[in-house]
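Working notes, structure below.
The values are calculated or read from the model by the stated rules, or taken from the named source; none is laboratory data. All of these numbers come straight from a predicted model, not from anything done at the bench. Every residue, glycine as well, gets a Cβ built from its backbone with ideal geometry; the counts of neighbours run over all protein chains shown.
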Amino acid sequence: MDTYIYDNLYISVVIPAHNEAENLPGLIQEIDENLSPWTRGYEIIVIDDHSTDDSITVLQEIKKRYPNLRVYRHKSRLGQSAGVYSGVEVARYPIVVTLDGDGQNPPSEIPKLVEELVKDKSLSMVVGWRKKRSDNIVKRISSRVANLVRNLLLKDGIRDSGCGLKAFYKKDFLSLPCINHMHRFLPFMFQMLGKKVKQIEVNHRPRKSGKGHYTTIARAIVGIIDIAGMLYLKHRYIPERKKEEI
């Protein structure tokens, strides 16, 4: 008989990916190796954001070895946030974990995030904090500046909002509006809903293959626009409507 650390814990791992054909096989193998002895109930969902490389062919081959892998493809390129949202929409299980398709987020961190989420019933999200990032110095400095500006304006107290490693409840996520670049502001958006968010330190590693999709300048420009959008959303958002029938 199979034995698991958790018998009644069911999670969906969502991976948004674009042109990550070289990174996905190893990443999916690592997820399976880390979760298969940990819980009987898990699935891996890859949302391919209309890749132009061999990602779909590679994923079709991987599916033959991993029956709990589900693959979806956007009919046009929609961006990482749309990939996350699409993955959560089709998730079968109540707890969702996201991580990036580039392999920089170690799958060994998944159990730590989920265990932190389920042991504290007041939490709705646990987000990773890449205290020691494995990126070049320009990217590290630009990310620190971006986080500083975001904290100054949004006052969410999150050290690393852009970390792909997040664990949360599907029902809470689906109460959020689907907007572009929301994946970088999910902790803030959860807090906007009155949900409790916790951040824990996670490991980070260098990208093995491929390259990122944003230049430093482009990311900065997009970040400024996005923060302005979040401020607008915060001031226009109607909170939970508590009511009673008379």
- Task: Name the single residue, out of those in segment 66-98 being in a loop (DSSP other than H, G, I, E, B) and basic (K, R), that is nearest to L174 (Cα to Cα).
- Result: R92
- Task: Would you tally the residues in segment 5-25 being crowded, with 20+ Cβ neighbours inside 10 Å and assigned to a helix (DSSP H, G or I)?
- Result: 1
- Task: Please find, among S124, S134, S143, the residue that is modelled with pLDDT under 85, out of contact with any Gly (no Cβ under 7 Å at 6 or more places or on another chain) and more than 19 Å from R236 (Cβ to Cβ).
- Result: S134
- Task: Would you please list the contacts, defined by Cβ atoms under 6 Å and residues six or more apart or on different chains, that run from a residue in segment 177-197 that is of a type in the set (A, V, I, L, M) to a residue that is assigned to a loop (DSSP other than H, G, I, E, B) and surrounded by 15 or more Cβ atoms within 10 Å (Cβ to Cβ)?
- Result: M189/L176
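With closer than 13 Å to I47 by Cα, surrounded by fewer than 23 Cβ atoms within 10 Å (Cβ to Cβ) and free of Cβ contacts under 8 Å to residues at least 60 places away in the same chain as the only criterion, which of S81, S76 stands out?
S76
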- Task: Give P107, P94 a once-over and let me know the one that is surrounded by fewer than 15 Cβ atoms within 10 Å (Cβ to Cβ) and modelled with pLDDT of 95 or more.
- Result: P94
- Please tell me if G87 is surrounded by 17 or more Cβ atoms within 10 Å (Cβ to Cβ) and at pLDDT below 95. no
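Residue under question is S36, and the condition is that it be small (G, A, S), over 20 Å from K208 (Cβ atoms) and surrounded by 15 or more Cβ atoms within 10 Å (Cβ to Cβ); does it hold? Give the steps one after another, and end with the answer.
Values: small (G, A, S): yes; over 20 Å from K208 (Cβ atoms): yes; surrounded by 15 or more Cβ atoms within 10 Å (Cβ to Cβ): no.
For S36, the condition - small (G, A, S), over 20 Å from K208 (Cβ atoms) and surrounded by 15 or more Cβ atoms within 10 Å (Cβ to Cβ) - is not met.
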- Message: Please count how many residues of segment 98-119 are of a type outside the set (S, T, Y), touching a residue at least 40 places away in the same chain (Cβ under 8 Å) and out of contact with any Lys or Arg (no Cβ under 7 Å at 6 or more places or on another chain).
- Response: 13
- Query: Given the residues E61, E33, which is the only one that is among the acidic types (D, E), under 24 Å from V127 (Cβ atoms), modelled with pLDDT of 95 or more and assigned to a helix (DSSP H, G or I)?
  - Reply: E33
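A quick yes/no check of all residues on (1) more than 16 Å from Y10 (Cβ to Cβ); (2) polar (S, T, N, Q):
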{"position": "D48", "(1), (2)": "yes, no"}
{"position": "T57", "(1), (2)": "yes, yes"}
{"position": "K63", "(1), (2)": "yes, no"}
{"position": "L78", "(1), (2)": "yes, no"}
{"position": "V88", "(1), (2)": "no, no"}
{"position": "Y93", "(1), (2)": "no, no"}
- Taking only pairs six or more apart or across chains, which ones have beta-carbon atoms under 8 Å, a first residue in segment 15-39 that is on the phi > 0 side of the Ramachandran plot and in contact (Cβ under 8 Å) with a residue 12 or more places away in the chain, and a second residue that is surrounded by 16 or more Cβ atoms within 10 Å (Cβ to Cβ) and hydroxyl-bearing (S, T, Y)? N19/S51; N19/S55
- Message: Among the residues that make up segment 42-55, is at least one of them over 18 Å from V97 (Cα atoms), part of a helix (DSSP H, G or I) and without any contact (Cβ under 8 Å) to a residue 60 or more places away in the chain?
- Response: yes
- Subset of segment 177-201, residues touching a strand residue (DSSP E or B) at 6+ places or on another chain (Cβ under 8 Å) and part of a helix (DSSP H, G or I), comes to H183, L186, P187, F190, Q191
- Subset of segment 146-176, residues modelled with pLDDT under 90 and either in a helix (DSSP H, G or I) or at positive phi (or both), comes to A146, N147, L148, V149, R150, N151, L152, L153, L154, K155, G157
- Of the conditions (1) out of contact with any helix residue (DSSP H, G or I) (no Cβ under 8 Å at 6 or more places or on another chain); (2) assigned to a helix (DSSP H, G or I); (3) under 21 Å from E89 (Cβ atoms), the single one that I28 does not satisfy is (1)
